Amino acid sequence: MFDVADPAVWIALDEAVRHSAWSSADGTWLPAWQRTEQGWTLSDGQIALGLCQRDGRIREWALGEVAGRPELLPLVVIRCADWAEPVRDRARTRWAEAVTVETAAALAPLALRIGIRYRGDFALGLIDKVLRSADREALLPLLTHADRTVRRFAHRLAVEEGFLSPVELALSAARDSDTVVQGLCAEAVLAALPEGDAYDDVLEPLLAARNPRVRSAGVTALRRAGRGERAVGFLDDRAPVVRACARYVVRQCGGEPVEWYRRRCAEAGDAALSAGAVSGLAECGDRRDAEALWALTSYPDPVVRARAVGGLRALDVLDVRRLRALLDDPAPGVVREATLALVPSARMLDDGWLLERLAVERARETRVSAFRLLNAHGGLVRLRAAVALVDDRDDKLRQWARQSVLRWHPTAEVPRGSAEVGELLDRAGLFDAYGLKKLKWEAGLKV
């Protein structure tokens, strides 16, 4: 009636029977011990229902009837974590008697789910012990199981017991969709690199993997394989961790990554430039490289322009005038990076110029950037900007502006008794009478 291979089905059956209104004392279903005393033969289905009964005496009795019924072992695994000690002890005895390599592999997915319960580790511990002493073939189906928790368990066991070769580990790291499995296998490969020509079979899957952690493991292994020169090709990788590993290998082989980055960025006009090369220059360069990054803020590729601005921020190079011009860049990424760089110096920007960029005809990213910088101004400038957007058609900007008004309080630079403050608070229309009166009093206004 249901998919017996699905662990969730057995757990659902157990919960459904236990919480149902159906009672074991109902006349339509005599207590199990009465049936056996009367010579009745119980089917697997009836025993299964007995194993799920809310009455612990029936569950304990049903466990005595599971011998020779391998189809009911999933419920025995569940009962190994039973809240009633007599039931739990009897279930553990039955499971220890029945467990084999085949049943351990088949019921590992269910045991992993039960293992998170209080006292639920017994069944899984026994499976772990059995599979460690078995041949690797018993574990292979679990390595490709649809449930990632099962794959993690199987790969961890396989790594610890040495069931997988470096080539198999590399393929698992490159192909598996779970990041935990990828990282586990990649680290295992680094710890068990082969000797001789087998390096190609191990390194190529790692270097071509989509996951940055796996690629970084492959790049790190290049030095041990005596192929450090290949690490140069990963200096401009899209992932920071891969670039960092590539720089390490290049330095160990006598190269200087920063010079490579400088040459690539200097030749940007003659060849296509990757965003990773720009980020790499900022990661290992210094302030002398600022002019090269400024030149790249006008590069045709918007990703390169954004990385260049981010690099200037990482090098702590600030030119308010030049960065301000980038707030009108058509690429949202460039605007975001320029805004992050300008926030600490927001008060150096002309608030009137920023207020103009709140206009509805402006690009959304420009409006968000302008409001963020005006908000960072604080004082009266912040209140003007927030009140201007309290009825904006953009939901997020409107909510942000309203929260800014509600949290506003006069600071030292706000003139005491400023009539503009009172007008702005009245126009916002967000306060009740008491709150408005109190805030105006704080601002030095007569109320």
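Worth pointing out:
- Counted residues, segment 311-348 - those being within 18 Å of A292 (Cα to Cα) and basic (K, R): 3
- The set of residues in segment 110-129 that are within 15 Å of A81 (Cβ to Cβ) and crowded, with 17+ Cβ neighbours inside 10 Å comprises L110, A111, L112, R113, I114, G115, G120, F122, A123, L124, L126, I127.
- Out of V360, V343, V368, sole residue that is farther than 26 Å from S279 by Cβ and of a type in the set (A, V, I, L, M): V360
- Taking segment 268-317 and the helices (runs of 4 or more DSSP H) fully enclosed by it, the elements with 2 or more residues that are touching a residue at least 24 places away in the same chain (Cβ under 8 Å) and closer than 16 Å to A239 by Cα are at 275-284, 302-314.
- Residue selected from segment 130-173 under the condition of a type in the set (S, T, N, Q) and part of a loop (DSSP other than H, G, I, E, B), by the criterion surrounded by the fewest Cβ atoms within 10 Å (Cβ to Cβ): S133
- For first residues located in segment 67-93 and within 13 Å of A48 (Cα to Cα), partners that are aromatic (F, W, Y) and in a loop (DSSP other than H, G, I, E, B) and lie 6+ apart or on another chain with Cβ distances below 6 Å do not occur.
- The condition of being surrounded by fewer than 22 Cβ atoms within 10 Å (Cβ to Cβ) and over 30 Å from L139 (Cα atoms) holds for only one of A208, A244, A231, A191, that being A244.
- The one condition in (1) more than 41 Å from the chain's Cα centre (by Cα); (2) farther than 26 Å from E361 by Cα that R427 fails to fulfil: (2)
- Lone qualifier among R223, R213, R238, R230 - being in contact with a helix residue (DSSP H, G or I) (Cβ under 8 Å, 6 or more places away or on another chain), among the charged types (D, E, K, R), at pLDDT below 95 and under 17 Å from R152 (Cα atoms): R213
- Residue within segment 215-222 that is surrounded by fewer than 15 Cβ atoms within 10 Å (Cβ to Cβ) and more than 20 Å from the chain's Cα centre (by Cα) present: no
- Looking across segment 236-257, the residues that are under 17 Å from L206 (Cβ atoms) and not hydroxyl-bearing (S, T, Y) come down to D237, R238, A239, V241, V242, R243, A244, C245, A246, V249.
- Which listed residue is crowded, with 23+ Cβ neighbours inside 10 Å and closer than 23 Å to A370 by Cβ, from A325, A308: A308
- Which listed residue, of R321, R305, is more than 33 Å from the chain's Cα centre (by Cα) and not acidic (D, E): R321
The values are calculated or read from the model by the stated rules, or taken from the named source; none is laboratory data. Not measured: the values here are computed from a predicted model. Here Cβ is always computed from backbone atoms with ideal geometry, including for glycine, and neighbour counts include all displayed protein chains.
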